[in-house]
Amino acid sequence: MTIQSLGVGSGLDLDGLVQQLIAAERQPKESRLNEKEERVEAEISGLAKVKSKLSDFQDIVDELKSDEEINGREPTIKNPTEDNDVLSAEAANSALRGSYAITVSQLASGSRITTEDGAFTSSSDALLSTGTGSLTFSVGADDSFTVNIDSTTTLADLREMINDSEENFGVTANIIETGTGAGPKLVIQSETTGEGNDLVITNDSGNTELDRLSTTGGATNISASNIETAKNAIAFVDGIEVQSDSNKFDNTIQNVSFTAKEVSPKDVGENFIPSTLTIGYDKEGLQEKIENFVDNYNNLIKELDAQTKYGESDLEEDGALAGDSLIRSIKAGLATIIGDNVSTSALGGLFSLGVELNEDGELEISNTDFGLGSGEDRLESALEDSFDDIATLFTDENEGIAARLSDYLEQYTSSSGLISLREKTAKDDREEVYDDRETLELRMVSFEQTLRDRYLNLDQTVAQLNQTSSALLAVL
């Protein structure tokens, strides 16, 4: 007799028994694998979170370390009225604090040339009755372009040829239709500003008909009264006249540049009303950088604490990296750098800046005074009296807090850093769990086959005995 399913021959629940034996064999091994996989996945997740926070903080630190404007000067301008926008200004970090009264009496301008009255009767008439010619537009020895003209070129065509020339260096042309006997006038303006940078129009061919458009030579060239020369910008700083060939005045005030945007307004006596330019420290900007540094440091410490904590009761789970020595070492190293003295800065350390470590290992700018002034008071004092020393405290390449933190964090956050190595080891452990699961499944298949072979023989034997018993009972 052939048994196809366990228990069919004997009537016993042999299949159920096999399943129970398989489950009993699988359960402890699978539980160990589940526990290991859960632990490894938690470690990978925890390391990723720590590395992410370390990278976020390193971005802040690197920005602070290389921030050329950390000790920036803040120029402020007070114009005569809200309707005036006379000046804009910039100041280098080395600029000295001070206040200056500035008036602008003249903006820089380029040349402006207008053709003579009656030089042309219509903008659509040809400039030449016959032949060809050319006009060259130039400022100084470096900037020039030439326009070629023939007997079909009109005043309107010339305007477009000037404006569209590929070599045009900033010359624009337009036509004003006067509607009078003066006829149309071609107005040509150069963007090149500054005294001596006058636009010159030269009649290259000598065709007398083109003298009407030339500023040099010929009996009918454009007269001086129709030429506005290029001008410098003129300003007065505390009553001292200063000039610039553009509207930007560089280093007129040492390490400060200001740009004239409009002429200063006048009072009833026709005197220019000054604008006040004040160069001071950008205290608000620097305070924001310091507070941002504190906040991001604390976010990192909170994450490190969350990952390494032990649950205070059976109901509270441990952190994924509870008691991990690497993470404890990171936190200790950060605290050491934060608390170290910076000899190159007169402030000495963060405490003099109003920043200190609290009992939770986080930074704070306290409002409590324990005899040395509150953190807020010390920060305000440092911003007022030790502005440049704050920059040194953070950015000094050998001792600066930001510089040292950046180097310290790099050994953990880089692709070859300690956390990346830990992540690789943890991921290798996870692959090992996957391999162990495959091995377990193969073993369970083999184990099940062994059990089924064993209990199949039992089932067949019991079935034969049952048949013999039935036959004997029938005979009896």
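Observations
- Each Cα pair under 8 Å and six or more residues apart adds its sequence gap; the mean of these over the residue count of the stretch 33-122 is a relative contact order of 17 percent.
- Taking the Cα centre of the chain as origin and assigning +1 to Lys and Arg Cβ atoms and -1 to Asp and Glu Cβ atoms, the resulting dipole is close to 1160 debye.
- Helical contribution to [θ] at 222 nm, DSSP H n ≥ 4, -39,500 (n - 2.57), averaged over the chain, rounded to 500: -14500 deg cm²/dmol
- Backbone phi angles across the stretch 15-22, fed through the Karplus curve with coefficients 6.51, -1.76 and 1.60 (θ = phi - 60°), yield HN-Hα couplings of 5, x, 5, 4, 4, 5, 5, 5 Hz in residue order; Gly and Pro are listed as x.
- Added length on full extension, which subtracts the Cα-Cα distance from 0.36 nm per residue, ALA101 to THR336: 79.7 nm
- Heavy-atom accessible surface of the stretch 379-476, averaged per residue, reaches 59 Å², computed with a 1.4 Å probe.
- Low-density loop cleavage sites - GluC sites (Glu not before Pro) in the stretch 252-326, where at most 13 other Cβ are within 10 Å (DSSP): GLU262, GLU270, GLU312, GLU316, GLU317
- For the chain, the square roots a ≥ b ≥ c of the C-alpha gyration tensor eigenvalues yield an a/c of 1.5 or more together with a/b not exceeding b/c, which makes the shape oblate.
- For the residue pairs LYS51/LYS302; LYS78/LYS231; LYS51/LYS424; LYS53/LYS309; LYS29/LYS427; LYS49/LYS427, the alpha carbons lie more than 19 Å apart in LYS78/LYS231; LYS29/LYS427.
- Formal net charge of residues neighbouring GLY194 (Cβ-Cβ distance under 10 Å; K, R +1; D, E -1): -2
- What a 1.4 Å probe finds exposed on the chain is 46% carbon and sulfur by accessible area, rounded to a whole percent.
- Per residue, in Å², the accessible surface of the stretch 73-140 once ligands and nucleic acids are set aside, probe 1.4 Å: 47
- Protein heavy-atom accessible surface, 1.4 Å probe, per residue over the stretch 237-280: 55 Å².
The values are calculated or read from the model by the stated rules, or taken from the named source; none is laboratory data. What you are looking at is a predicted structure, and each value in this text was computed from that prediction instead of being measured. FYI the Cβ positions are ideal-geometry reconstructions off the backbone, even for glycines, and counts take in every protein chain you see. The accessibility values were calculated without ligands, DNA or RNA, using every heavy atom of the protein model including side chains. Shrake-Rupley method; radii C 1.70, N 1.55, O 1.52, S 1.80 Å.
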